[in-house]
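Values quoted throughout were computed directly from the atomic coordinates according to the rules given, and no laboratory measurement underlies them. The shown structure was predicted, so the numbers you read here are calculated from the model rather than taken from an experiment. Every residue, glycine as well, gets a Cβ built from its backbone with ideal geometry; the counts of neighbours run over all protein chains shown.
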Amino acid sequence: MSNAVVHADSHGQAHAAHHPALQHHFDTMGQQKEAAVIGMWVFLLTEILFFGGLFMAYMLYRTWYFDAFAEASRSLDIFWGALNTAVLIASSLTMAMAVRCAQVNKRMATVNWLILTMILGAVFLGVKVIEYSDKFEHHHVPGLNYKWAAEHPSTALGAGAPAPVAGAGHAEPAAAAAPHRELSLSPEQLQLTTQIYFSLYFTMTGLHALHMIIGIGLMSVITWMAWKGKFDAEYYTPVEMSGLYWHFVDIVWIFLFPLLYLVERP
Amino acid sequence: MLDKLKIPEHHYLNNGHSLKSWLLTKDHKRIAIMYLMSISVMFFIGGLFGVGIRLELATPQGDFVSADTYNKFFTMHGVIMVFFFLIPSIPAVLGNFLIPPMIGAKDLAFPRINLISLYIYWIGGIFTLYAMIAGGVDTGWTFYTPYSATGSNTNVIPTAIGIFIAGFSSILTGLNFIVTIHRMRAPGMTWFRLPLFVWAHYATSLVQVLGTPVIAITIVMLAVERGFGFGIFDPARGGDPVLFQHLFWFYSHPAVYIMILPALGVQSELISTFSRKRIFGYSFVAFSSLAIAVFGFIVWAHHMFVAGISTYAAMVFSFLSFSVAIPSAVKTFNWSATLYKGAISFETPMLYAYGFMGLFAIGGLTGLFLATLGLDVHVHDTYFVVAHFHYIMVGGAIMGYLGGLHFWWPKMTGRMYSEFFSKVSAIMVFVGFNVTFFPQFVVGYLGMPRRYHSYPDEFQVLNVMSSAGATVLGLGYVLPVIYFLWSLKYGQVAGPNPWGASGLEWQMQSPPLTENFVETPIVNTEPYEYEHVVVKEKHLV
Ligand SMILES: [Cu+2]
């Protein structure tokens, strides 16, 4: 007919035994996997821009209200933040181990590493619950009797606060040790602008936590599939994809931790 | 020859007749058809609000509806038309249907995600329609803060959630296209053998994937501000409303290219097919799509020249906005050069293509007026702006969509529509459109502001013209519904290639098989090889 297109069998060799996971519209397992990998990276790109809007807002208000951001940031407990950072980095390692084990056909090891990753994810979320409830206690939730109290350790207690035992939920050891510093903002301005900090804090960490919950949900499905023996050296794409996703969520936290906890610490 | 043509025995439309076979399908063609039906419903709902606007503006007094209702009318018109019709229109219907066959693939890379994107679109639509029934929204489709965060007491949150959700449908469509174009091309289908329709969709997908998440997070911030009382944009809480405008337009300017780029792609196919000529300057047209997508991301603040941004920023954004004209002009001139000495004809899709060229040129050139700092201060927020973006979004995007729909309808359904009525409708749309929107340039230049339900008496003549034109335009849009539906049963059988077009999609039977091709095609020619192809199945005339 019109165009010089020849119909031919383009995938001659692929007719030998199809892998059960090969979908009908792909020619080879390699093509199927590449499609998934590109798709996942494109998705992560959208995620970067999704969080990007928040980082933009953070950048603007941190420039405008630096003192308020520094002040509010000191009220966060650096212990919990650092602990969570360590937990997430560890979970990225366990995730990478799970992908590797899937790749070399170690079924039970894959399952175990995935379970360990989920446990670490749950630990992170547990710590987040402790931190959030602390904010509720201190009226640091914007729109909910928000009150930037002058009796807050960093401004009122000065250097004399007793160093609390590590692990006490509402302790602020680092903040308590901060030297008193003249602020350029009146208490009313602080009340207003620290609220912006906490609005961003809750939106950013909240969305991050939501991503973690989705990740754990995904992973439980993947774990079940791994346990059922659905993966092998030729097909472990879902494990690798959830790994990419998990590393991304990890990276977001790597940015959130310094931006939110370490604005200005002595 | 006529009686030889028969609808093939097996095709994607009769591969299962149950509702389930449609709702759980992974066939990109069936999903495209369901998108077509969904966005058509949304188009006519959005159109009804447009009718309301034109009825109110037929007289200078605010006598048809109250000012508050009028605010809701133009808001719902904008929200539904932009987010639920124009954004999905060509990509989700024509792109979904055609990209796999155009590149010689059996389906998109992720058929299940394709189906999910449709469901996401429906869920987003339900939220927005709920907001409409529950009393509507009155913020304008732009949702400017602080009014949307603290001022308005209408259904901002449900509408915003609807747009947020529908955004993910757009992201997933774009993601699917990108991966498909990268990894599903048939052997021999190199990047520079891709039809320009595919290039245009590749550029569109980049915008969808990079821009949409920004509007999503902006909506999240708006929602937490309005819903939980967080302070982010509200100046009373120390926030910056201009930040909202920056974030909003960072998506919403490129969003215009989500609407227009696919139409530019359709245009290249139509011009080439109906002038029986290889497109002039193929690689320039291909890369100009990418250039438009890239430039589109660095011009957003031209919407904010009077919002209090710095003069220097405004100058830079003005200059950058001018630069978008370059790739747009590259396309327009290349189409003209394609027509030159071509064997051009006047089938219905081509009528739309001619109309498109004129309207897109006017819309684009008036965009330069608006990118000019001094002039923008004069015409900002007047009907001049309204006329300009309708020339792009209706005169451009919808003309392209209808042209494409008329072009590929025989492929999608296997049957031809009435040649006569479709030509009548194409002419009605063109004439009606110009009578509706050209007077708005004038009335806007004379100083009539947008978004008011009453106006001074001296503007009445131009507004009555506009309302009269809208009537013709509306009828021009209803007509295709009738003859398309009619064609499903009574239309002449089209055969695989009624236009003698060169693309791979015309090698399939009409309507195509579920798997598109029996064997994966091997491509060994350049696109638009009309020098070798002159077989035109003239049986239709
Ligand atoms: Cu713009």
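Per-residue mean of foreign Cβ neighbours for B:212-219 is 5 (Cβ atoms of other chains, 10 Å radius). Counts of other chain beta carbons within 10 angstrom of each beta carbon in peptide B:234-243 average 4. Give the aspartates and glutamates whose C-alpha is closer than 20 Å to that of A:Lys135, dropping any in the same chain fewer than 8 places away, or say none. Cα-Cα hits under 20 Å: A:Asp67, A:Glu71, A:Asp77, A:Glu151, A:Glu172, A:Glu188, A:Glu264, B:Glu225.
For the segment B:480-493, counting C-beta atoms of other chains within 10 Å of every residue's C-beta and taking the mean gives 0. Of all segments of chain B bounded by chymotrypsin sites (Phe, Trp or Tyr not before Pro) found in a DSSP loop with no more than 13 other C-beta atoms within 10 Å, the longest spans B:1-339.
Shape descriptor for the protein assembly as shown: Rg over Rh equals 1.00 (Cα atoms; Rh from the Kirkwood inverse mean 1/r).
Amide H to amide H, with H built 1.01 Å from N, B:Thr382 comes under 5 Å of B:Arg450, counting only residues 5 or more places away or on other chains. Checking the Cα-Cα distances for A:Lys228/B:Lys29; B:Lys423/B:Lys489; B:Lys6/B:Lys106; A:Lys147/B:Lys72; A:Lys33/B:Lys26; B:Lys6/B:Lys331 against a 28 Å cut-off, the pairs over it are A:Lys228/B:Lys29; A:Lys147/B:Lys72; B:Lys6/B:Lys331.
Taking Cβ atoms as reference points and 13 Å as the exclusive limit, the residues near B:Gly503 contribute a net charge of -1, counting Lys and Arg as +1 and Asp and Glu as -1. In chain B, taking the dipole from charged Cβ atoms about the Cα centre, the farthest positive-side position among B:Val324, B:Leu359, B:Tyr401 is held by B:Tyr401.
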